[in-house]
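Here the structure comes first, spelled out in structure tokens, and everything after it is commentary.
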């Protein structure tokens, strides 16, 4: 199941050149799509990962 | 996505019903049934399967049990009826998913209703390699939400009543919520909420991990500077010590075989001091001797006469030739009182005269005796003094002689030493070197003390620096962590701001989009455009239809116009949701007829070109207007009939 493309487009446009910001938000969306309740550690993991440049795969 | 098969087993009036939805150019499926045949329960069965509830019951409290009541009646003690509803769908990738809910029902103790147990939903999903993967519990429910989100099911499964009253029954908040859910903005809301909480947490963590590193660094630098200074002093002392020790070794070597002039001179000085002290003492002794000598000469001159005179007095005493001592006090009292103390009679002048003469004689005699005794005592004392003076004179003389001897001895020693010193070659040079060595030795002793002091200071400073360095390292580590927190917090802040902005902009954009799409659908038909010019969805989510005259016209819409407006709105939401879910509508046209029914039927059949439409109709609804429109476009046309107390689908 995909995220509403309008939302991704909106996020992409608001994030501008900051690709890590955009990628992080998309990851959070995919996480929320799975309807997860215990979110804190996952959110922090994504924030930590993307705040410092994303994963090697992303780079 | 479309529903491909539905099977009902023992669900209400359906004991065993299975229907596979065929495909065609149009995806329209009509099921016609009279009242109580099970049209609404067909819709309820899908709701029960997916959500475990039945929203299309007229009176939920007084409704019959979910299980088929005929079978339930036949149950003996301990028996139960197994109810199962299966809904199969085919997703946009052509893969199948089967939602299967089952539950066991047994008669209730009070013979009203039924007891339910073992209610569970199982989902089987076809994988791309044709395997079927089973899901249960939360995972199964997630698969329901993926295709039929529970909180917006009213835009997939509904009835004619909702079509007619949707905008009357729904508040603007409900419209907003539905739009938010459909466009998945509610997920953005969740993300905003969670990011805000994470942001707060990061703020707290950051404030906890911000040490005063600068102060610690300043203190550490201060200690290091102090250590450098002490080390410099220490090195200087060490250097001085090395030089002094070297000089001392050289001086020791040079002075090794030389005479100790210093010691000799010191001895000379000491002897001189002693002579001086002795001379002073001798002077005092001589004064004392002279004094004794004068006294001695006087006493020596009188000695023989004093002895002779004393001997004479002693002789007179021995011979009792000295008058005895008489107490003249009694005679003096008699004379003074004129009364005899013995006979107590008055004395006459004769007697008085006699007593006076006697008293005079007695006094003279006593004076002489007393004088002699005094002389005798004085003589004894003088003779004793003489003896002492003789002894003292001799002692003092001996002492003076001893002193003279010592002074002479010291003089001799001084002369000897001075002679020795004067005869030493390079005497002044050796003397200077000895003085220099003493200065160097003093310097070594002083520097040795300072060496120890500075060494202790260095050790103490090293210890303090090690502790401060440890503190600094910890603080640095904390600051590095704080730096990480700061970056993460700023990143979270950016995420939050973008998510908030995206949310507010998307809500606004979606509102306008819903408005435009609803308008597109509603005014796509000429018969609507004749009367209405616009549709608006205000910022407060109030939907309105603008009459061609410019007046607000939602209140004057006919039943079919209202239904079409609802349908337009629902289709707009379908498009926005990106969900290709089918529409299942129970009795959609029950209050329409004539041209309105034809027009509405046309709209529904047009939709079935791109979306599966399942209509549950009464025979009254399936009239010429609707039949004429749908017949050439039908994929399914079935009657719901009752056969052996069970509803079945039959061909017309």
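Structure summary
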{"read-out": "Kirkwood Rh in Å, taken over the stretch A:5-51 so that all alpha-carbon pairs contribute", "value": "11.1 Å"}
{"read-out": "Peptide-level mean, for B:505-515, of C-beta atoms on other protein chains within 10 Å", "value": "1"}
{"read-out": "Residue B:177 versus residue B:500: modelled label distance in nm, points set 7 Å from Cα along the beta carbon direction", "value": "2.5 nm"}
{"read-out": "Expected 222 nm ellipticity per residue - DSSP helices of 4 or more, -39500 (n - 2.57), all of the protein assembly as shown, to 500", "value": "-22000 deg cm²/dmol"}
{"read-out": "Förster-model FRET efficiency, 51 Å R0, residue B:109 and residue B:165, C-beta, rounded to 0.05", "value": "0.80"}
{"read-out": "FRET efficiency estimate (nearest 0.05) - Cβ-Cβ, residue B:326 to residue B:442, R0 56 angstrom", "value": "0.05"}
{"read-out": "With Cα atoms, 0 to 90° folded angle of helix B:185-208 axis to chain B main axis", "value": "0 degrees"}
{"read-out": "Partner chain coverage, peptide B:573-584 - average Cβ within 10 angstrom", "value": "1"}
{"read-out": "Fraction in percent of alpha-carbon pairs per bin - 20 Å, chain B", "value": "12, 21, 12, 8, 8, 8, 8, 9, 10, 4, 0"}
{"read-out": "Principal-axis tilt of helix B:172-182 within chain B, Cα atoms, nearest 10 degrees", "value": "90 degrees"}
{"read-out": "Shielding by partners - mean other protein chain Cβ count within 10 Å, residues of A:40-50", "value": "4"}
{"read-out": "Chain lengthening between residue B:79 and residue B:531 when straightened (0.36 nm per residue, less Cα-Cα)", "value": "156.5 nm"}
{"read-out": "Length-normalised contact order of chain B in % [C-alpha pairs under 8 Å, at least 6 apart]", "value": "27 percent"}
{"read-out": "If the convex hull is drawn through the Cα atoms of the protein assembly as shown, its volume per residue in Å³", "value": "625 Å³"}
{"read-out": "Two-site FRET efficiency, residue B:96 against residue B:641, from Cβ-Cβ distance with R₀ of 30 Å, rounded to 0.05", "value": "0.55"}
{"read-out": "In nm, spacing of pseudo-spin labels at residue B:384 and residue B:371 (7 Å Cα→C-beta vector)", "value": "2.5 nm"}
{"read-out": "Full-extension gain in nm, residue B:426 to residue B:391, via 0.36 nm per residue minus C-alpha separation", "value": "7.1 nm"}
{"read-out": "Solvent-free Debye scattering, log10 I(q)/I(0), computed from the Cα coordinates of the stretch B:261-423 at q = 0.15, 0.20, 0.21 Å⁻¹", "value": "-0.92, -1.15, -1.19"}
{"read-out": "Listed peptides B:34-43, B:250-259 by packing density, highest first (mean Cβ within 10 Å)", "value": "B:34-43, B:250-259"}
{"read-out": "Label point 7 Å beyond Cα of residue B:342 along Cβ direction - residues of the stretch B:321-336 with amide nitrogen under 20 Å", "value": "B:324-336"}
{"read-out": "Rounded tilt (10° steps) of B:427-523 against the dominant C-alpha axis of chain B", "value": "20 degrees"}
{"read-out": "Intensity falloff of the stretch B:416-518 expressed as log10 I(q)/I(0), Debye formula with alpha-carbon point scatterers, at q = 0.10, 0.13, 0.16, 0.23 Å⁻¹", "value": "-0.71, -0.83, -0.93, -1.13"}
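Rule-based calculations on the coordinates, nothing more; no lab input. Treat the numbers as computed from the prediction; the structure is a model and nothing was measured. As a convention, Cβ positions derive from the backbone with ideal geometry for all residues, glycine included, and neighbour counts pool all protein chains shown.
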